[in-house]
Amino acid sequence: MIRALLCLIFLSSSAFGYVPTVESLFRHGANPDVTVNGVSLSLVVKRLRPADNAEGGTATSVAENAEDYYKIFLTKSTDGLKVAQTRYGNSSFSESSLLHKTYYPNFTSYTIKPTPEAAERGIFFALLHSMTYNNGSHLVNYLKSLGVPLRLNSELINREKIEFLADYKRYLLTVARDRNARKTAINPLQPSDSAARDRAQALMAASMYTDTRQVGLTKDDNQISWRVIAGSFEALVSFKERDVQKLRYTSGTGDFEIICKDYWLANGSHSFPRFLLIKAYNGDQYQVEVTAVRHYLEREEDLVKRLRNWDLLLKGKESHEARPEFLL
């Protein structure tokens, strides 16, 4: 019966032109649910420099020789999200090459200050959270804190329709348990009163969420995509797979842009962009290559042990090298 109700919701939404919400678009919905609490990403970061274009068109970019190596660890717990970032001296990502670590024991949508100066870091990590855990609320919440006029699904949901569907669900469960109940139970979809029937039809035709007019379809590079425009924030998300393609945040300091390219099944089941091309406020450009995505189950004692081991390895070491603006 519950399956029938879900099908009914889907069909009613599809029939009347379903438009996803911003939070739903950033859920990375083509991926299966993440059933473990730990995710780690291995990143190779290259700074790019503009290349001369003899034809006078848009300049391309080529990688400089220097590469930086990072790992980002995200761990969900009953207390929230814990985030660690480590930096290494070479591509081995080994303990002997560890140079630096940063750790946040309670990383929320508001951990990174909602200021133009910190927004590059806040948006980058909110996007990682969105893609690793299939959860768009972190990104929406952070953008809201920056003054972008977005709302969560919980703020957009049609409560009246939800209550109506809950009544219909109770009716389905009742008649499933007792077939004789069909003679007395009132089907919310087929009431005898004409005014009640009109209301039922109107509710079924209504969207599950208030349409903010911030999401629409567009054609980019001959591909149909969902386009988000909300104040100082813009984004493109692929129509079918719901893969994030591009996002841009504009502030008085400049434009911050992330382009996601070459999605791959990073661990055999979860899609992730191989490359993230990033343009910072000051015009600096970076290529972030995601070389590995690992899902695992992590106990609290394992995390504590790992943190202590890093502290021992870093004892006496000091890292004064500047990190890109979008990293911790």
(request) Determine whether Asn65 is at pLDDT below 95, polar (S, T, N, Q) and closer than 30 Å to Leu314 by Cα. (result) yes
(message) Of the residues Leu127, Leu99, only one is surrounded by fewer than 19 Cβ atoms within 10 Å (Cβ to Cβ), assigned by TED's automatic domain parsing to the domain that holds Leu247 and of a type in the set (A, V, I, L, M); which?
(response) Leu99
(request) Test Gly231 against the criterion of being exposed (fewer than 14 other Cβ atoms within 10 Å of the Cβ) and either out of contact with any Phe, Trp or Tyr (no Cβ under 8 Å at 6 or more places or on another chain) or among the β-branched types (Val, Ile, Thr) (or both), and give yes or no. (result) no
(request) Run down Glu241, Glu257 and say which single residue is modelled with pLDDT under 95, within 22 Å of the chain's Cα centre (by Cα) and of a type outside the set (S, T, N, Q). (result) Glu241
(message) On the basis of being under 30 Å from Thr35 (Cβ atoms) and surrounded by 13 or more Cβ atoms within 10 Å (Cβ to Cβ), does Leu150 make the cut?
(response) yes
(message) Restricting to segment 62-114, count the residues that are under 16 Å from Ser40 (Cβ atoms), assigned to a strand (DSSP E or B) and among the charged types (D, E, K, R).
(response) 5
(message) Given the criteria closer than 22 Å to Arg121 by Cβ and over 16 Å from the mean Cα position of the chain (by Cα), does Leu217 qualify?
(response) no
(message) Tell me whether segment 168-183 contains one or more residues that are of a type in the set (D, E, K, R), out of contact with any strand residue (DSSP E or B) (no Cβ under 7 Å at 6 or more places or on another chain), touching a residue at least 60 places away in the same chain (Cβ under 8 Å) and surrounded by fewer than 17 Cβ atoms within 10 Å (Cβ to Cβ).
(response) no
(message) Scan segment 302-309 and tell me whether some residue there is surrounded by fewer than 17 Cβ atoms within 10 Å (Cβ to Cβ), in contact (Cβ under 8 Å) with a residue 60 or more places away in the chain, closer than 22 Å to Ser24 by Cα and assigned by TED's automatic domain parsing to the domain that holds Leu81.
(response) no
(request) Mind checking which strands (runs of 3 or more DSSP E) fall wholly inside segment 202-283 and carry at least 2 residues that are over 22 Å from Gly147 (Cα atoms)? (result) 215-220, 223-230, 254-265, 271-279
(message) Step by step: first the residues of segment 271-301, then only those that are small (Gly, Ala, Ser) and within 24 Å of Gly38 (Cα to Cα), then the one that is surrounded by the fewest Cβ atoms within 10 Å (Cβ to Cβ). Which residue is that?
(response) Ala292
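The values are calculated or read from the model by the stated rules, or taken from the named source; none is laboratory data. Being a predicted model, the structure only gives us computed values, none of them experimental. Counting neighbours? That spans all protein chains shown, and the Cβs are built from the backbone with ideal geometry, glycine included.
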